[in-house]
1. Answer yes or no: is there a residue in region 76-83 that is open to solvent by 30 Å² or more (accessible area, probe 1.4 Å) and touching a Ser or Thr at 6+ places or on another chain (Cβ under 8 Å).
2. Are any residues in region 28-62 among the aliphatic types (A, V, I, L, M) and open to solvent by less than 10 Å² (accessible area, probe 1.4 Å), and if so, which ones?
3. Scanning region 113-137 for residues that are among the hydroxyl-bearing types (Ser, Thr, Tyr) and loosely packed, with under 15 Cβ neighbours inside 10 Å, which turns out nearest to Leu80 (Cα to Cα)?
4. Which ones in region 17-48 are out of contact with any Ser or Thr (no Cβ under 8 Å at 6 or more places or on another chain) and aliphatic (A, V, I, L, M)?
5. Exactly one condition in (1) open to solvent by less than 30 Å² (accessible area, probe 1.4 Å); (2) touching a residue at least 60 places away in the same chain (Cβ under 8 Å); (3) not hydroxyl-bearing (Ser, Thr, Tyr) is not met by Ile72; state its number.
6. Being touching a residue at least 24 places away in the same chain (Cβ under 8 Å) and more than 24 Å from Asp104 (Cβ to Cβ) is true for just one of Ala8, Ala23. Which residue is that?
Amino acid sequence: SRGEIYVASPGSGRSRRITSTPAFEQHLRFSPDGRRLVFCSERDGVSEIFEVALPEGRSGFTAPGGLEEKKIISSKVDLLFPAYSPDGNRIAYLDNRTSIKVWDRVNNTTATPLPPGHVYSYGDGDIGYEWSPDGRFLLATLGSLVGDMDIALCDATGRKPPVNLFQSGRILLIPNHKN
């Protein structure tokens, strides 16, 4: 609400303000275990990725007590739409509206499953991506609103190139494919 993040508990009916900054916070996602929130904020002139985590022993975000917030991914360009992997150890995000990157919190490394040249976002919500249930892949929009839009299967490690599954309307079927 009004650029700040609030959390409400349907069970208790309590709500709590999570952020209180002059910046605009957006694109909020809960971690799979519900103990962390990731979001974007324009605190230093560009949109960077922040996380709020529940301290040990806290049962939920609406419970009294302090919260731990920190910037987890810094940048000189806008970072948007962070999304936790199914195991919560990685965060995918749109980098500079031109690529999708994945930050691994365990190894503190960043991979590029969808490099620049495959996608361009003109406005919030015009492209998207989702993690596969096993966390090995991302399914992502290719192209842009002003051209062809397709779907790519992207190796989350960035070691293999993205595979265009539709090629502007033509669905590619791989017969007898076991994986």
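1. We begin by selecting, within region 76-83, every residue open to solvent by 30 Å² or more (accessible area, probe 1.4 Å); these are 76-78, 81.
In the following step, the residues that additionally are touching a Ser or Thr at 6+ places or on another chain (Cβ under 8 Å) were identified as 78.
Scanning region 76-83 turns up at least one residue that is open to solvent by 30 Å² or more (accessible area, probe 1.4 Å) and touching a Ser or Thr at 6+ places or on another chain (Cβ under 8 Å).
2. Taking region 28-62 as the starting set, the residues that turn out to be among the aliphatic types (A, V, I, L, M) are 28, 37-38, 46, 49, 52-54.
Those that are among the aliphatic types (A, V, I, L, M) and open to solvent by less than 10 Å² (accessible area, probe 1.4 Å): Leu37, Val38, Ile49, Val52.
3. The initial filter retains those residues of region 113-137 that are among the hydroxyl-bearing types (Ser, Thr, Tyr), namely 120-122, 129, 132.
Applying the additional criterion that residues be loosely packed, with under 15 Cβ neighbours inside 10 Å yields 122, 132.
On the way: Tyr122: 12, Ser132: 19 Å.
Among those residues, the one meeting the criterion is Tyr122.
4. Listed by number, the residues that qualify are Ile18, Leu28.
5. Just one mismatch for Ile72, condition (2).
6. On the way: Ala23 fails: touching a residue at least 24 places away in the same chain (Cβ under 8 Å).
Just one listed residue meets the conditions, Ala8.
The values are calculated or read from the model by the stated rules, or taken from the named source; none is laboratory data. Just so we're clear, the structure is a prediction, and the values are computed from it rather than from any experiment. So basically every Cβ, Gly included, is an ideal-geometry build from the backbone, and we count neighbours across all protein chains shown. Heavy atoms of the whole protein, side chains included, go into the accessibility calculation; ligands, DNA and RNA do not. Shrake-Rupley method; radii C 1.70, N 1.55, O 1.52, S 1.80 Å.
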